[in-house]
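Inspection log for the structure reproduced underneath, given as structure tokens.
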4 protein chains.
Amino acid sequence: MATTETSFQPQAMAPIGVELTERQKLACLHRILAGLGFNENMAGHVTMVGDASGNLWASPWGLWWDEVRASDLCLVSLDGERLDGRWDVSPAIFVHTALHRTRPDARVVVHNHPYHATLLATLGRLPEITHQAACMFDGALALVDEYQGQVLDEDASTWLAARVGSADGAILVSHGALVIGASVEEATYRSATFDRMCRLTADGLMSGLPTREIAPEHRTALKQAFRTHALDAYWNGAMRLLLADDPTVLD
Amino acid sequence: MATTETSFQPQAMAPIGVELTERQKLACLHRILAGLGFNENMAGHVTMVGDASGNLWASPWGLWWDEVRASDLCLVSLDGERLDGRWDVSPAIFVHTALHRTRPDARVVVHNHPYHATLLATLGRLPEITHQAACMFDGALALVDEYQGQVLDEDASTWLAARVGSADGAILVSHGALVIGASVEEATYRSATFDRMCRLTADGLMSGLPTREIAPEHRTALKQAFRTHALDAYWNGAMRLLLADDPTVLD
Amino acid sequence: MATTETSFQPQAMAPIGVELTERQKLACLHRILAGLGFNENMAGHVTMVGDASGNLWASPWGLWWDEVRASDLCLVSLDGERLDGRWDVSPAIFVHTALHRTRPDARVVVHNHPYHATLLATLGRLPEITHQAACMFDGALALVDEYQGQVLDEDASTWLAARVGSADGAILVSHGALVIGASVEEATYRSATFDRMCRLTADGLMSGLPTREIAPEHRTALKQAFRTHALDAYWNGAMRLLLADDPTVLD
Amino acid sequence: MATTETSFQPQAMAPIGVELTERQKLACLHRILAGLGFNENMAGHVTMVGDASGNLWASPWGLWWDEVRASDLCLVSLDGERLDGRWDVSPAIFVHTALHRTRPDARVVVHNHPYHATLLATLGRLPEITHQAACMFDGALALVDEYQGQVLDEDASTWLAARVGSADGAILVSHGALVIGASVEEATYRSATFDRMCRLTADGLMSGLPTREIAPEHRTALKQAFRTHALDAYWNGAMRLLLADDPTVLD
């Protein structure tokens, strides 16, 4: 039986109910992911290409993801210099900069230490493609299998970007996770999926049993579905639930 | 010592306190199960035979289970065509249709990717009958041990229904869970029990130790008890707790 | 170095702030334990010797532990006959009756299927005495290593009580947990500790590593401490937190 | 590639918004850690050097950490005698006293039985340095690998302090965790990190796979970072979230 490729085009996507700026969306990413385990207290940072010059909107240093609002985001150059904003940015902004320089598709780069990804980082393992949603990372996973200390300058940034290559999800050994998307929506959805993949893989490793990876011929259609209509359904629902809980994230 | 079969007939079942339509009950199923791990963001769908012609009430595509209300449910034909409703239905509605066509007892079909069932799906294992409540699935479990991509047309639907057979609970390898009941109440109670069975089985596998399956001669009486008086006690309590938390599910 | 036995006598125990009847305390036990994993939906029941004739206050059948109030408790005879109350009692009340008949110290008997105890019940294992609080069960654990179906009559009750013997905590294989105390306070504290012990033991089994049981010579002093001043500190704190959350449990 | 040592000096640390006394900070430590697993009901106690004479502020005996307020803390001498306060102090205050006597850097000593540390305590294992934050304990971990009963007098206190030595984090076999800091802020941050390290280590042990410890040459810079600017970011964020939830902790 061949895989049918869906031509599904939703007629009536349930809306969020409010127009959002890119900066507001980026603040919301912090809150959504904080609720999904991206919350080793104040660890982690996110960047988003903010304008044609390549400057980045970045997480404020010192705030926890669960308290970030749109007005807390900072503008930084690709050299890591803060251009605007009330707060500092992390000295580890260089985790992000070379990826933005070298990959036009990497508009949003998420870095944090969610538990299950960090567990795989201590085991030196990548998550496996053993369930449908994991297919969004088919052919796009990288294990950065060498720990070189904090990423605090251009050289370290270049080194890291070379090892991540064209991947959309990476395990940084002894460190944490890196997830990349072309938009805030995509980076959020992929990040949510990434830590769940890591949990399944870690639990599979604990069982000592073989796992069932999805056959390559089925992955393409699923990867496509998760990049198109599924993405909006994920984001809109996540946003409705977030805004019902705390609309001040948009401030 | 022989198993005594209970003739227990409750005299005073604690009521829900409100009359519910079938459609309202189906909305409540989404919320109850979302609180029990059936919440891989917007994944999953449920169908219920809605009238004599066999048309189905189905989950709205694009809403998360934790936000579904009665008025969000859609009516679809057994061919997967939407007949009524504000929202789309999932193109994977074909997970459900052939089961409804071929099994008169399958009035309600629940599909989602709850964590522990999905873990067994990556290990290619069925949950074991190692505790009392699991007996409700005695002789009624199926492992669909081949992953054929998304279920997006009649052929795939027929293929899946043939592999599920007469089971009430199934693990779909590399995919998730399928739970079937003769009513919303039964499908909800079975689904809640199914993921817990999967958790016990997965943890048992991680220990590497042998597990104690319940002897076949004890299963029948328990299966009967869980299909009769226990069912109302489960549903009424779950509903009281849900409605105290958010009565708008009935809208 | 010898173990010092504490002569600690608190001077100023933080009070609950309200006088409670025995029946109110029993209702509170349900709520406290429901918050600690004794919540396989509506499963489980508790009994307490209620008067000189040996009649028992028992959990109402059909309510979930998280919704029980004092006025919901039922009075039943040691023969399992309901004498008073708005609701039925479980037909499995015979889990309790023979224990009350044969053990004067068993004023309160708690039965449910908390997750980690149920996991050990599927593995056929007792929790180990590997940390301080576990010492409250030193020499008082029983594995009922045979599953005989539901406990629905006097014969089954006698059979079970004989296998539990003088234990205060028991794993019922393929079934769940049984915890016994001389008072509501003691039964609550022991139950809370029991499932945590089971979790530590199960996780230890998953690691495949040897565990460190506390040497017998240290257990006696700890067991005594947990039966005296620690008991009030546990109960009063648990009650303050419960009543701040929902005082209607006392109704 | 050499590790770059950051010279990062935040220009604009997000404030807590209220001035706090040392005693208020100590009350807040109880609440923050109770939310992070330091909550085996009423177990555990914390001490802080309170004045030049070496007297200690200590947790009130009988209150749960989740209900402690600043006015509940008690003043005790280094001999364990209560000097001031509404409540008793634990007879196990001797877990703390010899450490304060012998280590001027040990201004705050935290003891409790958080789950994952207690799991390692039953396995007789220390947490490993396998991720960045764990570096704050580089060269500063001790396994007290002998269980000698409760610590209820000066002799036991001296015995324990000798085995902890200069460590900032210790696993007490069959018992729990001990975390030491030069300030409330540091002790809180270290405690939060300690139980997470223990969870990663325990899960790694369950997998049976080798783990990736961070190379010694990278640990020093990370340890320094976690002792300086990271500390304020942790504490201020934790405090903002706590005070938004329940400001009465300061009473």
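Every read-out reported here was derived from the displayed coordinates using simple, explicitly stated rules and does not represent laboratory data. Values in this document were obtained by computation on a predicted structure and should not be read as measured data. Backbone-built Cβ (ideal geometry, glycine too); neighbour counts: all protein chains shown.
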- Is it fair to say A:ALA167 is aliphatic (A, V, I, L, M) and either surrounded by 22 or more Cβ atoms within 10 Å (Cβ to Cβ) or assigned to a helix (DSSP H, G or I) (or both)? no
- Pair list, Cβ < 7 Å and 6+ apart or interchain, from the range C:146-161 residues that are at the interface with chain B (Cβ under 7 Å from one of its Cβ atoms) to residues that are surrounded by 22 or more Cβ atoms within 10 Å (Cβ to Cβ) and among the hydroxyl-bearing types (Ser, Thr, Tyr): C:TYR147/C:SER174
- Quick one: in the range D:86-102, which of the residues that are within 10 Å of another protein chain (Cβ to nearest Cβ) and closer than 15 Å to D:LEU172 by Cα is surrounded by the fewest Cβ atoms within 10 Å (Cβ to Cβ)? D:ALA92
- Message: Please pick out the residue among D:ARG23, D:ARG69, D:ARG31 that is of a type in the set (D, E, K, R) and either under 17 Å from D:TYR234 (Cα atoms) or in contact with a Gly (Cβ under 7 Å, 6 or more places away or on another chain) (or both).
- Response: D:ARG31
- Only one of (1) more than 11 Å from every other protein chain (Cβ to nearest Cβ); (2) among the aliphatic types (A, V, I, L, M); (3) in a loop (DSSP other than H, G, I, E, B) fails for D:ALA187. Which number is that? (3)
- Query: Residues of the range C:166-211 being of a type outside the set (A, V, I, L, M, F, W, C) and more than 13 Å from the chain's Cα centre (by Cα), which ones?
  - Reply: C:SER166, C:SER174, C:HIS175, C:ARG199, C:THR201, C:ASP203, C:GLY204, C:SER207, C:GLY208, C:PRO210, C:THR211
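Go through the range D:121-139 residue by residue and tally those that are touching a His at 6+ places or on another chain (Cβ under 8 Å) and either outside any loop (DSSP other than H, G, I, E, B) or within 14 Å of chain C (Cβ to nearest Cβ) (or both).
To start, the set of residues in the range D:121-139 that are touching a His at 6+ places or on another chain (Cβ under 8 Å) comprises D:121-122, D:131-133, D:135.
Those left that are additionally either outside any loop (DSSP other than H, G, I, E, B) or within 14 Å of chain C (Cβ to nearest Cβ) (or both): D:121-122, D:132-133, D:135.
Number satisfying all stated conditions: 5.
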- Task: Could you tell me whether B:GLY237 is small (Gly, Ala, Ser), closer than 26 Å to C:ALA202 by Cα, part of a helix (DSSP H, G or I) and at the interface with chain C (Cβ under 9 Å from one of its Cβ atoms)?
- Result: no
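Using the structure shown, decide if D:ALA192 is part of a helix (DSSP H, G or I), within 30 Å of A:THR201 (Cβ to Cβ) and within 8 Å of chain A (Cβ to nearest Cβ). So that I can check it myself, show each step before the final result.
Numbers: part of a helix (DSSP H, G or I): yes; within 30 Å of A:THR201 (Cβ to Cβ): yes; within 8 Å of chain A (Cβ to nearest Cβ): yes.
Taking the combined requirement at face value, the residue satisfies it.
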- Do the conditions hold for D:ASP105, that is, is it surrounded by fewer than 20 Cβ atoms within 10 Å (Cβ to Cβ) and under 16 Å from the mean Cα position of the chain (by Cα)? yes
- Message: Name the residue that is farthest from B:TYR115 (Cα to Cα), counting only residues in the range A:170-212 that are among the acidic types (Asp, Glu) and touching a strand residue (DSSP E or B) at 6+ places or on another chain (Cβ under 8 Å).
- Response: A:GLU186
- Query: Among the residues of the range A:94-112, which ones are in contact with a strand residue (DSSP E or B) (Cβ under 8 Å, 6 or more places away or on another chain) and either among the small types (Gly, Ala, Ser) or in a strand (DSSP E or B) (or both)?
  - Reply: A:ALA106, A:VAL108, A:VAL109, A:VAL110, A:HIS111, A:ASN112
- Item | Hits in the range D:202-234 - residues which are more than 8 Å from chain A (Cβ to nearest Cβ), part of a helix (DSSP H, G or I) and among the hydroxyl-bearing types (Ser, Thr, Tyr) | D:THR220
- Would it be correct to say that C:ILE214 is over 30 Å from B:PRO216 (Cβ atoms), surrounded by 22 or more Cβ atoms within 10 Å (Cβ to Cβ) and over 20 Å from the mean Cα position of the chain (by Cα)? yes
- All but one of (1) surrounded by 23 or more Cβ atoms within 10 Å (Cβ to Cβ); (2) in contact with a strand residue (DSSP E or B) (Cβ under 6 Å, 6 or more places away or on another chain); (3) not in a helix (DSSP H, G or I); (4) not polar (S, T, N, Q) hold for C:ALA142; which doesn't? (1)
- Evaluate the following for D:THR118: is it away from chain C (no Cβ under 14 Å) and more than 22 Å from D:PRO60 (Cβ to Cβ)? no
- B:THR248 fails exactly one of (1) in a helix (DSSP H, G or I); (2) at the interface with chain C (Cβ under 7 Å from one of its Cβ atoms); (3) surrounded by fewer than 18 Cβ atoms within 10 Å (Cβ to Cβ), namely (2)
